[in-house]
Every structure is written in C-alpha cells, then in structure tokens.
Amino acid sequence: MSRADLISLYPEIILCGTGILLLLLEAAAPKLRRAFTGLAILGVLAAARSAWVVWAHAPEPWLTFGGLLELTNATYALTLIVLLATGLCLLASQSYLRRENILGGEYHALLLWCACGLLLMLRATELLTIFVSLELFSLALYSLAAFHRRLAIATEGAIKYFLMGAFVSAFILYGIALLFGATGSTRLVDVVQALGLMPDVPITATLGLLLLVAGFGFKMSLVPFHAWSPDTYQGAPSPFVGFLSVAPKVASAMVLYRILDAVVVGAPTMAVKWSGVVAALAVLSMLVGNLLALAQRDIKRMLAYSGIAHMGYLLLAFVTLDPQRPSLSPAIVYLLAYTLMNAGAFTVITLLYNRPGEQHLIDDLAGWGYRHPLLGACLAVCMLSLGGIPPTAGFIGKYVVFLNAVGDGLLGLAILGVLASLLGVFYYLRVIYVLYMKAEARQPEGLLIDIWGRAAAVVAALGTLVLGLWPSGILQWLIEKTAAR
C-alpha cells in the first residue's frame, strides 16, 4: 500500500477510528455517554474536511489501490451527501436515545462504520470490492434496525430486513460470479472491454447483470424489491430511518449507474433492452409507491412508500445513458434534495412521537403546528419539498430529472413522472392540513425536544429552502465537474 493509497482513505480511516474510540469510551467511561453525539459529529466533520483536502489536491480521476478505488468529482459530491445524512442522523438521535434509555456508544460506532462502508462502495470500481463494502454497511444497518431491542416491532422489522438482505447478498455474489465467468474479470473497466470484444453478449453475462441490478434495486427500494421497507421503517428507531432511507440509496444509485454505464459502453447493441428494463422499474416504482402511500395512516409507512416513488423518479435519469449526455448531474441534485427533505421529516417525527412501539398516526399531529411552531414549520417545508412544490429543493430535483428525461427523448416517461408526482402532492399536503387545519386531538406527553434535534430539523429545512431558492451555484458546479466521464 503506497502513501497515496493511504491518503485516499483518510475519510474512511477517520470514521472507523472515531467509531473505535466511542466503543472504548463506552467500556471505559460510560458516564461520558452524553458527549458521544458531539464526538461522533466531530468525526463526521473531520471526515468531510479530509475528503475536501484529498479531492482538492487529487487528479481527476484519481485511481488508488491498483485501480480498485477511484476519486472523481461525482464520488466526492456523493461522499458529502452521505456524510450530511450521517450528521443529521446523529443530531436527531440524541433525544431519541435518551428518551428511550438506550443511549450507548454502540449506536454511534455502528452508524459511523456504516458510513465508512458506503463511502468505500461509492468509490469502488471492482465488483468484489463493491460486495465487501456492501456487507460492511449492511451488517451495521441490520444491527441498527434492531437497536431498540425491547420492542417486538423493531426486532420483527430487523429480521425481515436481515433475511431479505441475506438473499440479496447471495444474488449479488452469484451475479458477480456469472459476470466473472463470462468476461474473465471483476473490474468494471475490464468487463466493458470484454463485452465490447464479444459479437454477442452471453446469457451468463446478461443473467449476472440482472442479478446485480436486482440486488442494488433492493437497496434502493425499487419495485418489486421493496417489500422490506415499510415494516423496517416502522419498527426501526426513527432517527436511524432518516439515515436508512437516504444514505444507502445514494451509494447504491452510484453502483447501479456504473453497472448500467458498463452495459451501454461495452455492449451498445443491448442498450435498448436495458433501457426498457430500467424504464419498467422506474414506472412500477413511481406508480406503486404513490398509490400505496395514499392509503397509509402511519406517517413512517407513508414515507416508506413515498421513498419507493422517489427512487422511481431518480431512475428516470438512468433510462438512457448516452455517452455524450452523462446523467449523473441530475441524479446527484435529486439525491441531495431527497437527503435534506427526507432526513428532515424523520427528524421531526423523532421529536414529536414518543411511543416508538406504536403506530405513528398522521392524525396525532392535529394542531401541533401551533403547539410546536418551529418543528411544525420544518415538517411543512419538508412535506412541500417531497411533493415537489416550489421554491424547494424537491422541486429543483424533480425539474432537473424530468428535464433530463425530455432531453433524452423520453417525453412519455417524463409526463408519467409528473402525473405520479401529482398523486404524491395529495398525501404530503394531508400532513400539513392535519398540522394546521385540524383541532388538536391529544396533548403530547413525554417528549424530549433538545437542541440537537432542533438543529437537525432546522438545517434540513433551511437547506431545502436554500437549494430551492438559489440552485444555480450547485447546478453549475455539478454540470461543470461531472460532465466528463
């Protein structure tokens, strides 16, 4: 391992080291538990700072570890999004962990190690490296989903997530094996070259790619791989769900982009068929997600199904991967917007619902927009953004994705996406209606609304508004920096 290889891993090393330190403090100085959140956030900030330093002084692209990892402008932008989701989750978790009397260093350590695995998978250019990174953060996700072990619903959701995730890991590994058998390599660059030299793509390579798409479609909660998300979201700790609903999808979207890009570049004759597969996944996710969300009375299950629809919108950017029109810029904008608004919504849910073992009914929020004006305003902003209503980040994200689809000649899919988005507006506005237009049904009891949670909600809501009101800076940067392959 060269010095350059070590330098490229500074963010991951900082996250791992901070997690280890927190575990040691948990064992040696448990009285310092109240300070664990602050230490973990310092670790995330240090990782973000080191990522910026490495990116600012590195060539583009920068390949390390013999080409197994790469650093590009796109991976740097997605790294910051993952770290943003991690920081918001840590801020929102303090009050929940204290209220439920489960505050411990294991939670923060697992979350940091999960972020480490996600950062590695973002940058991995080789399939086995991707798989190892996937298992690293997946094991942490399974543990965090069941962290509130006194709740039967948490254990049930985590078991479902674990069992289905284990099957998906087997599918991914088998897909890698089939692709290796067909092309003789697990490096995506070599796979592209091997596919380009073949007169016909063998069935083993096609099956391997399908298994990979299915596996990472599971991580993105795409239909028909979505069944795990509603139960897991409902049972897992609410602040962690804010992380689970966005960060793994960011890394999985990047891997899915790499796989589809390899097909388009290596086997252009197969591009039309694969575009049909991706378009079908996008349409199913948009329609099924929105229709099922309409029927939900539990706000966490509603957001679970709406998250399925949002990944359908995102997938429109991957339907046509034209080498002359790379689709990463709109996808990155959408992922940033989705991270802010979804993490913000779950932060407010964490603070306002004090009974994690029961349903989080939307009707329980009746009149609380006046009782908790700051949190009510933050939740309203996040709901408007999730619905794609201007001037919010959600509107900008949907606009650039739909505009990219129109530019690729996918006018029908873009119109379908707009119509599906209109369905979502109904159930998002229903939350705002209940907050402000219905009389208070019950008074909140046993809440612990601390400065950490308020900070997370305000950061998410303000970020959503700032990106919606002044999007030109980040859009211009992304177009300039991620336009080249």
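For Leu103, are the conditions met, namely being among the hydrophobic types (A, V, I, L, M, F, W, C), assigned to a loop (DSSP other than H, G, I, E, B) and on the phi < 0 side of the Ramachandran plot? Yes, satisfied.
What residue, among those in region 143-172 that are of a type in the set (Lys, Arg) and assigned to a loop (DSSP other than H, G, I, E, B), is nearest to Glu106 (Cα to Cα)? Per the stated criteria, the residue is Arg149. When Phe225 is tested against the conditions (1) surrounded by 16 or more Cβ atoms within 10 Å (Cβ to Cβ); (2) of a type in the set (Phe, Trp, Tyr); (3) at pLDDT 90 or above, the lone failure is (3).
Taking each residue of region 295-319 that is free of Cβ contacts under 8 Å to residues at least 12 places away in the same chain and over 19 Å from Ala154 (Cα atoms) and looking for partners that are of a type in the set (S, T, N, Q) and surrounded by 24 or more Cβ atoms within 10 Å (Cβ to Cβ) with beta-carbon atoms closer than 8 Å, six or more apart or interchain, yields nothing. One residue alone among Val288, Val250 is assigned to a helix (DSSP H, G or I) and surrounded by fewer than 24 Cβ atoms within 10 Å (Cβ to Cβ), and that residue is Val288.
Of all the listed residues (Arg430, Arg325, Arg355), the sole one being surrounded by fewer than 23 Cβ atoms within 10 Å (Cβ to Cβ), of a type in the set (D, E, K, R) and modelled with pLDDT of 90 or more is Arg430. Put simply, of Ala279, Ala304, Ala293 the only residue that is within 20 Å of Val255 (Cβ to Cβ) and not in a loop (DSSP other than H, G, I, E, B) is Ala279. Taken residue by residue, region 92-114 has at least one member that is in contact (Cβ under 8 Å) with a residue 24 or more places away in the chain, crowded, with 18+ Cβ neighbours inside 10 Å and in contact with a Cys (Cβ under 7 Å, 6 or more places away or on another chain). Is there a residue being closer than 23 Å to Thr464 by Cβ, within 21 Å of the chain's Cα centre (by Cα) and crowded, with 22+ Cβ neighbours inside 10 Å anywhere in region 59-74? Looking for residues that are closer than 23 Å to Thr464 by Cβ, within 21 Å of the chain's Cα centre (by Cα) and crowded, with 22+ Cβ neighbours inside 10 Å, one finds at least one in region 59-74, hence yes. If the condition is being surrounded by fewer than 16 Cβ atoms within 10 Å (Cβ to Cβ) and either touching a Lys or Arg at 6+ places or on another chain (Cβ under 9 Å) or within 20 Å of Asp450 (Cα to Cα) (or both), then region 7-44 contributes Lys31, Leu32, Arg34, Ala35, Gly38, Leu42. Considering only residues that are at pLDDT 90 or above and among the β-branched types (Val, Ile, Thr), look in region 169-185 and name the one that is farthest from Gly67 (Cα to Cα). My answer is Ile172. Within this structure, Glu156 passes the test of being modelled with pLDDT under 90, over 21 Å from Gly38 (Cα atoms) and surrounded by fewer than 22 Cβ atoms within 10 Å (Cβ to Cβ). Here Thr79, Thr72 are screened, and the one residue that is closer than 21 Å to Met341 by Cα and touching a Pro at 6+ places or on another chain (Cβ under 9 Å) is Thr79. With the requirement that a residue be closer than 18 Å to Leu423 by Cβ and either aliphatic (A, V, I, L, M) or touching an Asp or Glu at 6+ places or on another chain (Cβ under 8 Å) (or both), what does region 376-404 give you? The answer is Met383, Leu384, Leu386, Ile389, Val401.
Restricting region 87-123 to residues that are among the hydroxyl-bearing types (Ser, Thr, Tyr) and over 21 Å from Leu24 (Cα atoms) leaves a set whose member that is nearest to the chain's Cα centre (by Cα) is Tyr96. Kindly establish whether Arg150 is among the basic types (Lys, Arg), over 23 Å from Thr86 (Cβ atoms) and buried (at least 16 other Cβ atoms within 10 Å of the Cβ). Answer is no for this residue. Taking the criterion of being more than 19 Å from Val132 (Cα to Cα) and not in a helix (DSSP H, G or I), the residues of region 174-198 that qualify are Gly184, Met198.
Kindly evaluate Gly468 against the criterion of being touching a helix residue (DSSP H, G or I) at 6+ places or on another chain (Cβ under 8 Å), closer than 30 Å to Asn354 by Cα and assigned to a helix (DSSP H, G or I). So Gly468 fails the test. Scoring Leu429 on the criteria (1) under 30 Å from Thr37 (Cα atoms); (2) touching a residue at least 12 places away in the same chain (Cβ under 8 Å); (3) not acidic (Asp, Glu) leaves a single failure, condition (1). The single residue among Val255, Val241, Val265, Val283 that is under 30 Å from Leu69 (Cα atoms), surrounded by fewer than 22 Cβ atoms within 10 Å (Cβ to Cβ) and either out of contact with any Pro (no Cβ under 8 Å at 6 or more places or on another chain) or in contact (Cβ under 8 Å) with a residue 24 or more places away in the chain (or both) turns out to be Val265. For region 41-84, a residue qualifies if it is under 30 Å from Ser185 (Cβ atoms), free of Cβ contacts under 8 Å to residues at least 60 places away in the same chain and among the aromatic types (Phe, Trp, Tyr), and the qualifying residues are Trp55, Trp62, Tyr76.
The values are calculated or read from the model by the stated rules, or taken from the named source; none is laboratory data. Please read all numbers here as calculations on a predicted model, not as lab measurements. Cβ atoms come from the backbone with ideal geometry, glycine included; neighbour counts cover every protein chain shown.
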